[in-house]
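First the structure, in the form of structure tokens, and then the observations on it.
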Amino acid sequence: MRAFGFLSFGHYGGSPAQGGLDARQMLHDAIDIAVGADELGVNGAYFRVHHFATQSAAPMPLLSAIAARTRRIEVGTGVIDMRYENPLHLAEEAAALDLIADGRLALGVSRGSPEPAERGWEAFGYTGSTDPRGADLAREKFDLFLQAVRGEGMARAAERPYGAPVRPGQDLRIEPHSPDLVRRLWWGAGSRETAEWTGRQGLNLMSSTLLTEATGARFGDLQAEQIARFRTAFRAAGHTHAPRVSVSRSVFPIVTAQDRRLFGLRPGETSDQIGIIDGHRSTFGRTYAGEPDQLVEQLRDDAAVMSADTLMLTIPSQAGVDLNLRILESFAQHVAPELGWRPNTAGPVVGDPVA
């Protein structure tokens, strides 16, 4: 690990009298957390995307606002659900955002996680999936999205092209085009098989907050195996650039009495959890909370954290700007330097060579 960022689910709702946020306040808080994190040297600001829920959705306006108000922090998603997307429109938006951010985009996409709506993507107008989870639809859309991001022709010019200096019949790419955006695409993988597929595509790997596998191995060890398989597949496919890899964890440094009251763990919260997601027996990572020296020791023992270049800290975004910035500042001051962290002032994060 040499970089860390925050991963926000963007929860809102509940009674304002009891500290609940409305959507407007959630979005403004997200911008302020990202601006403060940029000033702290944090490397990334990432947001989950969920539909039909009181959580983050429509990430492009939010990320554009953050990119316009920050200088160094990477902005991204973890992840956009391709089942709900028009791939060409997403390619346009992603390119525009990457240009606004001066190449600071880390766009995570995947099939997506379970949603509140039954086949909710069909309400968005996307039908035809034969998979109850919509995985076939997501992969098909991603293939088209990837072609568009690469600048391949997506349409043909009319016989009398109007409003553009192009030849009749010429192949037309999506505009705007960001030439290096393809190197900033991540696939959210929840299994070893999907990690291998990601490597073959030459994408970056965003290892999920849960794995749809349960072998009896510790979450960190299972995830480290996933990362190793990704890198092996990446190399075997002939890709030569250095791919990025991220993992996410809930980590709460306890440096004050208030921290202990807020983040002290109860029995059963210090180990991995096993559950059923989408019909798969799945492994959920543990929460880390403790004094800085304890966290350093525990995170060094987490094979996946030490295998990845970037650690995403899941934050309680609904708890407000000040508390979340304090969590990030405590991690930056007392934990991250011992794990190899380099702040965003040191330049963009780079991946590990696989050759």
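The values are calculated or read from the model by the stated rules, or taken from the named source; none is laboratory data. In this text, all values refer to a predicted model and were calculated from it rather than measured experimentally. Cβ atoms come from the backbone with ideal geometry, glycine included; neighbour counts cover every protein chain shown. Ligands, DNA and RNA are stripped out before the accessible areas are found, and what is left, the full protein with its side chains, is counted by its heavy atoms. Shrake-Rupley method; radii C 1.70, N 1.55, O 1.52, S 1.80 Å.
Pairs are defined by a Cβ separation below 6 Å, a sequence spacing of at least 6 or placement on different chains, a first member in region 170-187 that is free of Cβ contacts under 8 Å to residues at least 24 places away in the same chain and of a type outside the set (Asp, Glu), and a second member that is open to solvent by less than 90 Å² (accessible area, probe 1.4 Å) and part of a strand (DSSP E or B); the pairs so defined are LEU172/ALA155. Of the residues contained in region 235-254, one or more are found to be closer than 25 Å to ALA289 by Cβ, touching a Pro at 6+ places or on another chain (Cβ under 7 Å) and at pLDDT 95 or above. For SER129, are the conditions met, namely being farther than 25 Å from ARG200 by Cβ and among the hydroxyl-bearing types (Ser, Thr, Tyr)? Taking the combined requirement at face value, the residue does not satisfy it.
For region 60-67, indicate whether the set of residues that are among the polar types (S, T, N, Q) and either in a loop (DSSP other than H, G, I, E, B) or surrounded by 19 or more Cβ atoms within 10 Å (Cβ to Cβ) (or both) is non-empty. No, every residue in region 60-67 fails to be among the polar types (S, T, N, Q) and either in a loop (DSSP other than H, G, I, E, B) or surrounded by 19 or more Cβ atoms within 10 Å (Cβ to Cβ) (or both).
Considered as a group, the residues in region 92-129 that are open to solvent by 60 Å² or more (accessible area, probe 1.4 Å) and acidic (Asp, Glu) include one that is nearest to HIS50 (Cα to Cα), and that residue is GLU118. For region 174-209, a residue qualifies if it is part of a helix (DSSP H, G or I) and open to solvent by less than 20 Å² (accessible area, probe 1.4 Å), and the qualifying residues are LEU181, ALA195, THR198, GLY199.
Looking for whichever is of a type in the set (Val, Ile, Thr) and either touching a Ser or Thr at 6+ places or on another chain (Cβ under 7 Å) or in a helix (DSSP H, G or I) (or both) here; the options are VAL75, VAL79. Which one fits?
Values: VAL75 fails: either touching a Ser or Thr at 6+ places or on another chain (Cβ under 7 Å) or in a helix (DSSP H, G or I) (or both).
Within the list VAL75, VAL79, the selection yields VAL79.
So which residues in region 89-133 are assigned to a helix (DSSP H, G or I) and farther than 27 Å from GLY44 by Cβ? Write out each step before concluding.
Here is the first cut: in region 89-133, the ones assigned to a helix (DSSP H, G or I) are 89-100, 120-124.
The answer is GLY120, TRP121, GLU122, ALA123, PHE124.
VAL42 passes every criterion in (1) hydrophobic (A, V, I, L, M, F, W, C); (2) closer than 21 Å to ASN204 by Cβ; (3) surrounded by fewer than 22 Cβ atoms within 10 Å (Cβ to Cβ) apart from (3).
Do the conditions hold for GLY169, that is, is it of a type outside the set (D, E, K, R), open to solvent by less than 70 Å² (accessible area, probe 1.4 Å), modelled with pLDDT of 95 or more and assigned to a loop (DSSP other than H, G, I, E, B)?
Details: of a type outside the set (D, E, K, R): yes; open to solvent by less than 70 Å² (accessible area, probe 1.4 Å): yes; modelled with pLDDT of 95 or more: no; assigned to a loop (DSSP other than H, G, I, E, B): yes.
It is false that GLY169 is of a type outside the set (D, E, K, R), open to solvent by less than 70 Å² (accessible area, probe 1.4 Å), modelled with pLDDT of 95 or more and assigned to a loop (DSSP other than H, G, I, E, B).
Do you know which of the residues in region 141-166 that are of a type in the set (D, E, K, R) and at pLDDT below 95 is least open to solvent (accessible area, probe 1.4 Å)?
Going residue by residue through region 141-166, those that are of a type in the set (D, E, K, R) are 141, 143, 150, 152, 156, 159-160.
Among the residues that remain, those that are also at pLDDT below 95 are: 159-160.
On the way: GLU159: 145, ARG160: 214 Å².
So the residue we want is GLU159.
Once region 70-118 is narrowed to residues that are among the β-branched types (Val, Ile, Thr) and without any contact (Cβ under 8 Å) to a residue 40 or more places away in the chain, the residue that is farthest from LEU7 (Cα to Cα) is ILE100.
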